[in-house]
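Shown next, in structure tokens, is the structure this report addresses.
The values are calculated or read from the model by the stated rules, or taken from the named source; none is laboratory data. As the structure is a computational prediction, the values presented were derived from the model and not from experiment. Cβ: placed from backbone, ideal geometry, glycine included. Neighbour counts: every protein chain shown. With ligands, DNA and RNA removed, areas are computed over all heavy atoms of the protein, side chains included. Shrake-Rupley method; radii C 1.70, N 1.55, O 1.52, S 1.80 Å.
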Amino acid sequence: MTSFAPQPREVASPHQVAEAFSMLSPGEQQSLRQIAKLRALGLPSMSWEDLLHEALYRALAGARLWPLSVSLVAFLAQTMRSIASEVRARTANEPIEQAAIGADDEGPSAVETVAGEQTLETELAARQAIRQVEALFSADPQALHVIHGLAEGLTPTETQARAGMNPVQYASAQKRIQRTLARKFGRTSDE
């Protein structure tokens with residue numbers, strides 16, 4: 001009987017993480033920014049910059065180990081996914097004290113009204129962005145599967161299984177998405 005013991009995986013040292021991060025191409029840096037922006041949508045206490053910085057910090061501190069068999073961009077993307085999930089789980093169960101939001105018996109407070117407007121505004125902006133992205137990739141069903149998988153928090157393997165794609169098709173779709181988004185939105189100086 002053959003034994004399939006897991007092979008020890010080779011992981012990067014903090015120095016290797018820092019060196020690899022400094023060597024990322026402008027396109028890879030843009031991809032990380034776009035992924036961070038996607039993952040940070042709806043996070044109550046974390047901006048996309050904070051999310052990206054936290055992922056990099058965890059890799060540099062050794063709290064998250066980067067397997068050298070995985071690209072740094074993919075590793076950081078999954079780390080951001082995990083952090084965002086942690087934040088959402090932690091904040092989903094936090095009670096909101098009535099005194100903290102200024103509620104009384106006379107109806108909603110100004111804070112509640114503003115928060116409701118911001119939520120509606122954010123939801124409308126998100127829906128518009130979704131429509132734009134879907135229109136942008138309407139002729140590329142594989143790219144749409146990848147985007148929907150990312151939005152739903154699926155792993156690449158789960159998305160591939162759902163869409164009937166192999167890893168090469170998935171990677172190709174990712175590259176098409178990156179190129180299309182870079183062409184459409186480009187980079188800005190504040191990123």
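Just one of the numbered conditions (1) open to solvent by 70 Å² or more (accessible area, probe 1.4 Å); (2) more than 23 Å from Ile177 (Cα to Cα); (3) of a type in the set (D, E, K, R); (4) in a helix (DSSP H, G or I) is not true of Glu54; which one?
(1) is the only condition that Glu54 fails.
Hey, among the residues in the range 57-75 that are farther than 20 Å from Thr155 by Cα and part of a loop (DSSP other than H, G, I, E, B), which one's nearest to the chain's Cα centre (by Cα)?
Ala63
Consider the range 138-154. How many of its residues are part of a loop (DSSP other than H, G, I, E, B) and touching a residue at least 60 places away in the same chain (Cβ under 8 Å)? First the steps, then the outcome.
First, pick out the residues of the range 138-154 that are part of a loop (DSSP other than H, G, I, E, B): 138-140, 152-154.
In the following step, the residues that additionally are touching a residue at least 60 places away in the same chain (Cβ under 8 Å) were identified as 153.
Number of matching residues: 1.
For the list (1) modelled with pLDDT under 90; (2) surrounded by 13 or more Cβ atoms within 10 Å (Cβ to Cβ); (3) touching a strand residue (DSSP E or B) at 6+ places or on another chain (Cβ under 8 Å), I need the number of the one condition that Leu43 fails.
Going through the list (1) modelled with pLDDT under 90; (2) surrounded by 13 or more Cβ atoms within 10 Å (Cβ to Cβ); (3) touching a strand residue (DSSP E or B) at 6+ places or on another chain (Cβ under 8 Å), Leu43 breaks only (3).
So which residues in the range 59-77 are touching a Lys or Arg at 6+ places or on another chain (Cβ under 9 Å) and either surrounded by fewer than 20 Cβ atoms within 10 Å (Cβ to Cβ) or closer than 13 Å to Val11 by Cβ (or both), if there are any at all?
The answer is Arg64, Leu65, Pro67, Leu68, Ser69, Phe75.
Filter the range 14-61 for residues that are of a type in the set (D, E, K, R) and under 22 Å from Leu150 (Cβ atoms) and give the result.
Answer for the range 14-61, where residues must be of a type in the set (D, E, K, R) and under 22 Å from Leu150 (Cβ atoms): Glu28, Arg33, Lys37, Arg39, Glu49, Asp50, Glu54, Arg58.
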